[in-house]
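Novice: My questions will all concern the structure given below.
The values are calculated or read from the model by the stated rules, or taken from the named source; none is laboratory data. Just so it is clear, the structure is predicted and the values come from calculations on it, not from any experiment. Here the Cβ is made from the backbone with ideal geometry for all residues, glycine too, and neighbour counts use every protein chain on show. When the accessible area is computed, the model is the full protein with side chains, heavy atoms only, and any ligands, DNA or RNA have been set aside. Shrake-Rupley method; radii C 1.70, N 1.55, O 1.52, S 1.80 Å.
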Amino acid sequence: VGMSKRDREDLSKAMRAQEGKRKKARANLEENGIAEPSRADIEKWMLWKECGETDPYSGDRIGFDALFRRGEFEVEHIWPRASSMDDSFRNKTLCRKDWNARKGKRIPFDAFGATDDWAVLSARLADMQARGRADGMSLGKIKRFLSDAIPEDFASRQLNDTGYAARQIIAQLHRLWPDLGSQGPVHVQAVSGRVTAHLRRYWGLNNALAEDGEKTRADHRHHAVDALVVACTHPGVTNMLSRYWQAKDD
């Protein structure tokens, strides 16, 4: 919305290029013995190529087996997800496990800005920048790496974008199912992410995909789990579940 024709064409071109990289990733993973690559595997492969098969933080070379079989390196959020509300590809990179633990839930500058590692990291990122048609890291991601703070309104903009999208979806669904109130055949409403998170934890559904009881976005089945929770917020279903848990407690 609001994009010029040229901007839309550039976006479509970038999306086609990204899809081409995903197909290339899938083929390479299958050639290397991963029969059914997951979306997380494909994303990890793309991050691997983006950083030139080199850990941006430690400078270590990242071998295929070390990344996909031995788990020595992991996907890392450049700006902590809890602070930025950003789980997109542009906020992710690869990092050796011990360095990821050192960084913790901080931006790179807060973790390493006062150390001798900062100058080396900055130089390494400059070498990783994409140039021409070669694979590499975008200038925007490098600037994110080197920023000294998350913009104050960044998280609120992320939430505003999500809220706007939800309102638009509701408006479109109301064209199919006009809101006739409680007597209507369909009642369209949005459910807060905080509500779904609370219910998902209360009902133990996080354990369906992870042993630590926390939601994992690495397994994209979490969308199905969230859809189940949203469905269960319907008053009729909620009453049924309440009676079930009450009977179980008794």
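Novice: Return the pairs, sorted by first residue and then second, in which the second residue is of a type in the set (Gly, Ala, Ser) and open to solvent by less than 50 Å² (accessible area, probe 1.4 Å), the first residue lies in the stretch 70-89 and is modelled with pLDDT under 90, the beta carbons are less than 8 Å apart, and the residues are 6+ apart or on different chains.
Specialist: Filtered contacts from the stretch 70-89: 83/155; 84/155; 85/155.
Novice: Going by what's in this entry, would residue 58 be described as under 24 Å from residue 140 (Cα atoms), in contact with a Cys (Cβ under 9 Å, 6 or more places away or on another chain) and among the hydroxyl-bearing types (Ser, Thr, Tyr)? Spell out the reasoning first.
Specialist: Working: under 24 Å from residue 140 (Cα atoms): yes; in contact with a Cys (Cβ under 9 Å, 6 or more places away or on another chain): yes; among the hydroxyl-bearing types (Ser, Thr, Tyr): yes.
When the stated conditions are applied, residue 58 passes them.
Novice: Here's another thing I want to ask about it. Among the residues of the stretch 45-60, is any touching an Asp or Glu at 6+ places or on another chain (Cβ under 8 Å), touching a residue at least 40 places away in the same chain (Cβ under 8 Å), closer than 21 Å to residue 88 by Cβ and not in a loop (DSSP other than H, G, I, E, B)?
Specialist: yes
Novice: If we scan the stretch 27-39, do we find a residue that is touching a residue at least 40 places away in the same chain (Cβ under 8 Å), in a helix (DSSP H, G or I) and farther than 30 Å from residue 123 by Cβ?
Specialist: yes
So that you can scan it fast, the table gives a plain yes or no per residue for (1) modelled with pLDDT under 65; (2) outside any helix (DSSP H, G or I); (3) over 28 Å from residue 172 (Cβ atoms):
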residue	(1), (2), (3)
185	no, yes, no
188	no, yes, no
195	no, no, no
207	no, no, yes
212	yes, yes, yes
219	no, yes, yes
237	yes, no, no
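Novice: Among the residues in the stretch 82-101, are any surrounded by fewer than 16 Cβ atoms within 10 Å (Cβ to Cβ) and in a loop (DSSP other than H, G, I, E, B)?
Specialist: yes
Novice: Moving to a separate point now. Can you name every residue in the stretch 15-62 that is of a type in the set (Gly, Ala, Ser) and more than 19 Å from residue 144 (Cα to Cα)?
Specialist: 17, 20, 25, 27, 33, 35, 38, 40, listed by residue number.
Novice: Now a separate question. Looking only at the stretch 120-138, which residues are open to solvent by 40 Å² or more (accessible area, probe 1.4 Å) and under 20 Å from the mean Cα position of the chain (by Cα)?
Specialist: Scanning the stretch 120-138 gives a single hit, 138.
Novice: Within the bounds of the stretch 103-116, is there any residue that is within 21 Å of residue 66 (Cβ to Cβ), open to solvent by 50 Å² or more (accessible area, probe 1.4 Å) and within 22 Å of the chain's Cα centre (by Cα)?
Specialist: no
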